[in-house]
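Participant: Below is one structure. I have some questions about it.
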Amino acid sequence: MKKSTVRVAIVFVVLIVIVVGFYAYLSGKSRNTADDAKMTQTELVLSRDMQNDYPPTVKEVMKYYMDIQKCLYNEECTDEDVERLGLRARELYDGELLENNEETMNLMQLKSEVASFHSEEKKIISVSVASSVNVDTFTEDGYEFARIQCSYTVLENGQSNPTSAVYLLRRDENRRWKIYGWDLAQNVDPQ
């Protein structure tokens, strides 16, 4: 073979190796970028724009509230995450509930509850919000109210403990449903 043919073959092989290597480098980099871009469940819950994407129905308010609760009690949250989630939950509260739960004390209590829940190795394994047809709505003192039942199961020491709570929501002046209060279902008179 001629020297020029050998040189061309070597240059061609080197170019192929460079192209394949560069492609492999870019493929690995885009895969790492995609992995880095994955949001945690907490980040996903907190990413909701509450001004433009407030939950439109009683059921949607409660589903979002339960998502916040699952993040608080199931995810590995920093104190900052707990505070941000607590503040987000407060955005779902009615004005009267906010007045009765001063922010600083409410957040301190929440941090304590979350830490206790984690130290006892509890975990929320399921959450269920009643269907929209099971929302009891009524008017009292000129306000629109809605009552909805939410059930959740907590795993503790290998035992699953189901619990149900009844949430009362009140429609505010912007026609948004806000959590007015709640109690265990066993303490609420059936309507």
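Participant: What label, among (i) 53, 20, 16; (ii) 29, 21, 14; (iii) 24, 19, 16, belongs to semi-axes √(5λ) of the Cα gyration tensor in Å computed from the structure on display?
Facilitator: Identified label for the calculated read-out: (i).
Participant: Continuing with the same structure: Determine the sum of side-chain charges near G86: Lys and Arg each +1, Asp and Glu each -1, restricted to other residues whose C-beta is under 12 angstrom from that of G86. If you can, show how the numbers build up before the last one.
Facilitator: Values: positive: R84, R88, R90, K111; negative: D79, E80, D81, E83, E91, E103, E113.
Net local charge, G86 excluded: -3.
Participant: Pick from G95, G28, G181: which is most flexible by mean-square fluctuation in a GNM of the chain where alpha carbon atoms under 10 Å apart are linked?
Facilitator: The residue with the greatest mean-square fluctuation here is G28.
Participant: Please give the peptides 165-171, 84-90 ranked by average Cβ packing (other Cβ atoms within 10 Å per residue), highest first, as a rough proxy for protection.
Facilitator: Values: 165-171: 20.3, 84-90: 18.6.
Output ranking for 165-171, 84-90: 165-171, 84-90.
Participant: Which of D67, D141, D79 ends up with the largest GNM mean-square fluctuation for the chain, with Cα atoms connected below 10 Å?
Facilitator: Judging by the Gaussian network model, the answer is D141.
Participant: What dipole magnitude, in Debye to the nearest 20, does the range 33-191 give about its Cα centre under +1 on Lys/Arg Cβ and -1 on Asp/Glu Cβ? Walk me through the numbers on the way to the answer.
Facilitator: Numbers: 17 positive and 31 negative charges, 109 e Å.
Roughly 520 debye, rounded to the nearest 20.
Participant: Additional query: I want the local charge near T57. Using Cβ-Cβ distances under 12 Å, sum +1 for each Lys or Arg and -1 for each Asp or Glu among the other residues. Walk me through the numbers on the way to the answer.
Facilitator: On the way: positive: K59, K63, R171, R175, R176; negative: E60.
Spelling it out: positives minus negatives among the neighbours equals +4.
Participant: Could you work out how far helix 79-90 tilts from the main Cα principal axis of the chain, as a 0 to 90 degree angle to the nearest 10?
Facilitator: Taking Cα atoms only, the helix is inclined about 50 degrees.
Participant: Given the options L26, L46, L72, state which has the largest fluctuation in a GNM of the chain using a 10 Å cut-off (strictly under) for Cα springs.
Facilitator: L26
Participant: Pull out a ≥ b ≥ c, the square roots of the eigenvalues of the alpha-carbon gyration tensor of the range 51-138, then state rounded if a/c is under 1.5, prolate if not and a/b is larger than b/c, and oblate in the remaining case.
Facilitator: Working: a/c = 2.00, a/b = 1.33, b/c = 1.50.
Because a/c hits 1.5 or more and a/b fails to exceed b/c, the range 51-138 counts as oblate.
Participant: Nearest 0.05, what FRET efficiency do S112 and R175 give at R0 = 25 Å with Cβ-Cβ as r?
Facilitator: On the way: r = 35 Å, r/R0 = 1.40.
Rounded to the nearest 0.05, the efficiency is 0.10.
Participant: Related question: With label points built 7 Å along Cα→Cβ from the Cα atoms of K123 and L155, find their separation and express it in nm.
Facilitator: 0.4 nm
Participant: Continuing with the same structure: Enumerate the residues in the range 139-182 having an amide nitrogen under 20 Å from the point lying 7 Å beyond the Cα of Q41 toward its Cβ.
Facilitator: 150-165
Participant: Could you please report the charge total around W182, scoring K, R as +1 and D, E as -1 over all other residues with beta-carbon less than 13 angstrom from its beta-carbon? Working shown, then result.
Facilitator: Numbers: positive: R147, R170, K178; negative: D94, D183.
That sum, taken over residues with Cβ under 13 Å, equals +1.
Participant: On a 0 to 90 degree scale, rounded to 10, what angle separates helix 58-74 from the longest Cα axis of the chain?
Facilitator: In the chain, helix 58-74 runs at an angle near 60 degrees to the longest axis.
Participant: Compute the long axis of helix 3-37 from its Cα atoms, compare it with the longest principal axis of the Cα atoms of the chain, and write down the angle in degrees, 0 to 90, nearest 10.
Facilitator: 10 degrees
Laboratory data are not the source of any read-out in this text; all were calculated from the coordinates shown. Here the structure is a predicted model, which is why all the values come from computation and not from measurement. FYI the Cβ positions are ideal-geometry reconstructions off the backbone, even for glycines, and counts take in every protein chain you see.
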